[in-house]
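The values are calculated or read from the model by the stated rules, or taken from the named source; none is laboratory data. As the structure is a prediction and not an experimental result, all values here were calculated from the model. Cβ sites come from the backbone with ideal geometry, for glycine too, and all protein chains shown count toward neighbours. These area figures cover heavy atoms from the full protein model, side chains too; ligands, DNA and RNA do not enter into them. Shrake-Rupley method; radii C 1.70, N 1.55, O 1.52, S 1.80 Å.
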Amino acid sequence: MRYLLASAFSICIILPVIAGGLDAQSVNSAEFTSKVNKDKADPTVVKATILLDRAKFSPGEIDGKLGDNAKKALNAFAQANGLPTGQSLTPELWTKLVATSEDPVITQYKITESDTKGPFLKRLPTKLEDMKNIKALNYTSPREAIAERFHMSESLLVSLNPGKHFDKVGETISVANVLDRVSKPNIGRIEVYKSLQSVKAFDDQGVLVAFFPASIGSDEKPTPAGTLKITSTDANPTYRYNPNYKFKGVKSKEPFTIEPGPNNPVGTHWIGLSAEGFGIHGTPNPSKISKSESHGCVRLTNWDAAWLGKIVKKGTPVEFIDGDARKS
């Protein structure tokens, strides 16, 4: 399973310095600053977003920039910790984030044969109908697979590893240290915020324990209203297209299926809801979470959907909220 730690996975706080100011050492030793670089990956932001990810307040794809998803995660983390809410990194937030974990945020990983053997897709079709005859919707490269495994954008992975070859067995690379999510809280309810494009999970006592940026519905197929319940949770789902959906750009008048894989339209995990055809699921495009529309469902990154899908129980209520996030 791609979610398991490889035996070659090891921790190293100080690594060779990489030109350009972004390397393992600069990220691991980063301190608070209010003047982060807005145009490219910043060590302080990389550290903060990895810590948010490990605390289960997901910034979505970790790209080292303080974008909308990272700001929303900071706001949710502040809410959960009784701090003033907002979408900026403050000294109080930084102190609370750093206190969540003493482990280095960047670690070393040695590329294994399983990372490179594939099979990989030569090209990922853009149209649903062109996917129906592909045996498996796999990754397109080892670089894509490794970046997703560590919740990173491919550009950040490359920036941290100049000159490295991601298809070379034995190559040691710098990656986000995010794989060990030991906490598995009991999820009592889930709230889906349509206008804010986000999802919150609360425990049995009503405490906010997890946050995820999301793509939620569209004008073509809006999300349901009211409260639904979780009816199923399935890893590596097959996507089934119903012509009654009449999605824009799909001409087929016959139903068809698309085989499982990380680049399947619903990603690597499906959480079914008590309304036919609706669910919470992953995506083949983590960089577009909350920045693009969905076909009525709630779309998360593959890793967030998988984490939630593994711990949530059938019957858990999922409330869809139209307005701004209420205080819970």
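Data overview
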{"read-out": "For region 199-212, 3J(HN,Hα) per residue [Karplus equation, 6.51 cos²θ - 1.76 cosθ + 1.60, θ = phi - 60°, Hz, x = Gly/Pro]", "value": "10, 10, 10, 10, 7, 5, 9, x, 8, 5, 10, 7, 9, 9"}
{"read-out": "Accessible area in square angstrom per residue, region 160-260, 1.4 angstrom probe", "value": "49 Å²"}
{"read-out": "Dipole of the chain, positive direction: furthest Cα of Pro255, Val178, Thr238, with charges on the beta-carbon", "value": "Pro255"}
{"read-out": "Simple label model, 7 Å out from Cα along Cβ direction - Ser287 to Lys135, nm", "value": "2.9 nm"}
{"read-out": "Separation of alpha-carbon centers, region 41-92 and region 145-196, rounded to whole Å", "value": "15 Å"}
{"read-out": "Sparsely packed trypsin sites (Lys or Arg not before Pro) within region 123-180, loop by DSSP, other Cβ within 10 Å at most 13", "value": "Arg123, Lys127, Lys135, Lys168"}
{"read-out": "Check: region 83-238 dipole with +1 on Lys, Arg Cβ and -1 on Asp, Glu Cβ, in debye", "value": "360 debye"}
{"read-out": "Prolate/oblate/rounded call for region 134-281, Cα gyration tensor, a/c under 1.5 rounded", "value": "oblate"}
{"read-out": "Selected from Ile106, Met131, Leu156, residue furthest toward positive end of dipole (region 80-226; charges at beta carbon)", "value": "Met131"}
{"read-out": "Contour excess over end-to-end distance, with Cα ends at Asn242 and Leu83 and 0.36 nm allotted per residue", "value": "52.7 nm"}
{"read-out": "Stretch in the chain that is longest and holds no GluC sites (Glu not before Pro) that DSSP places in a loop and that have at most 14 other beta carbons within 10 Å", "value": "103-219"}
{"read-out": "Test item: Cα-centred dipole of the chain, Lys/Arg +1 and Asp/Glu -1 on Cβ, debye", "value": "580 debye"}
{"read-out": "Vicinal HN-Hα couplings computed from phi for region 257-268 (Karplus, 6.51 cos²θ - 1.76 cosθ + 1.60; Hz; Gly/Pro x)", "value": "10, 10, 5, x, x, x, 9, 5, x, 10, x, 9"}
{"read-out": "Sparse-neighbourhood loop sites, trypsin sites (Lys or Arg not before Pro) in region 200-256 - DSSP loop, at most 15 other Cβ within 10 angstrom", "value": "Lys246, Lys248, Lys251, Lys253"}
{"read-out": "About the Cα centre, charge dipole magnitude for region 45-138 (Lys/Arg +1, Asp/Glu -1 at Cβ), debye", "value": "320 debye"}
{"read-out": "Fully extended contour minus Cα-Cα distance, from Lys38 to Asp234, at 0.36 nm per residue", "value": "66.7 nm"}
{"read-out": "Rounded accessible area per residue of region 17-155, 1.4 Å, Å²", "value": "48 Å²"}
{"read-out": "Violating pairs (Cα-Cα greater than 18 angstrom) within the set Lys110/Lys164; Lys56/Lys200; Lys38/Lys194", "value": "Lys38/Lys194"}
{"read-out": "Pairs of Cα atoms farther than 31 Å apart, the chain, %", "value": "31 percent"}
